[in-house]
Each structure stands twice: as structure tokens, then as C-alpha cells.
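Taken together, the values in this text are just the output of simple stated rules run on the coordinates, not laboratory data. Computed from a predicted model, the values in this text were never measured in an experiment. Backbone-built Cβ (ideal geometry, glycine too); neighbour counts: all protein chains shown.
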Amino acid sequence: MPLPIDSTPFSDSLVILGAAGLVIPAFARFRVNPVIGFILVGVLVGPYGLGALVDRVPWLFHITITDRHSIEPFAEFGIILLLFSIGLELSFKRLWAMRRQVFGLGAAELLGSGLLIGLP
């Protein structure tokens with residue numbers, strides 16, 4: 001008796017890699033950073049992009065991800081790779097030269113977000 005196999009992670013991987021395989025070369029042609037392409041792919045094929053339209057357009061089910069929980073590992077891995085690429089590009093000397101901007105704008109953003117979330 002064959003066991004049921006859940007192929008959702010495999011199909012989600014194919015959707016993300018396929019979309020990235022189409023978008024990233026186009027971005028490279030126009031000399032746009034590939035990180036922006038990966039973010040765009042995640043937004044497009046994710047559950048809040050084209051995945052939200054699956055109820056109205058059923059064939060989108062095959063080229064999008066509709067389950068929010070199935071895309072979480074890809075999102076976490078993407079954040080890890082983004083931080084890694086930032087670490088490769090940013091030297092300590094450059095960070096020290098930008099310390100006022102980094103800490104000043106970072107503190108302002110943190111304070112502004114806290115006020116915006118905390119206000120009723």
C-alpha cells in the first residue's frame with residue numbers, strides 16, 4: 001500500500017526557483033541588484049501577491065504559493081542570505097564612517113515605529 005506523499009514543499013521550491021530563474025537574468029540585463037529581484041519574486045508568487053487571486057483565477061494555483069506557512073522556510077532562508085550578502089558588501093570601516101546615519105536613522109525608525117504601533 002503506497003504512502004501518501006505531500007509534494008507541496010517540492011512544488012513550492014519549483015515555483016520560487018522557476019520565477020527567480022526568469023526574473024534574475026532580466027534584472028542582470030538591466031544591471032539591477034539581484035536581491036531586489038528575489039524580493040520581487042517572493043512578493044509576486046507569495047500568498048499575498050498572485051497567490052491571493054487563486055480563488056478568482058484557478059490556474060494561478062500552479063504558479064503561485066497559497067499557503068503562508070509553506071513559504072515561511074523560504075522567507076527565513078532569504079533573510080539569512082540577505083544578511084550574509086550585506087555582511088560581504090559592508091566593511092567595518094564603512095560602517096564606522098556611516099555611524100551617525102546608521103544609529104541616528106535607526107533609532108528614529110525604531111522610535112517612530114514604536115509610536116505608530118503603540119498609539120491607539
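Length gained on full extension, Val102 to Leu81, computed as 0.36 nm times the residue gap minus the Cα-Cα distance: 5.5 nm. Here the calculated FRET efficiency for Leu88 and Glu109, from their Cβ-Cβ distance with R0 = 30 Å, stands at 0.80, rounded to the nearest 0.05.
Over all pairs of different C-alpha atoms, segment 8-89 has a mean inverse distance whose reciprocal, the Kirkwood radius, equals 13.3 Å.
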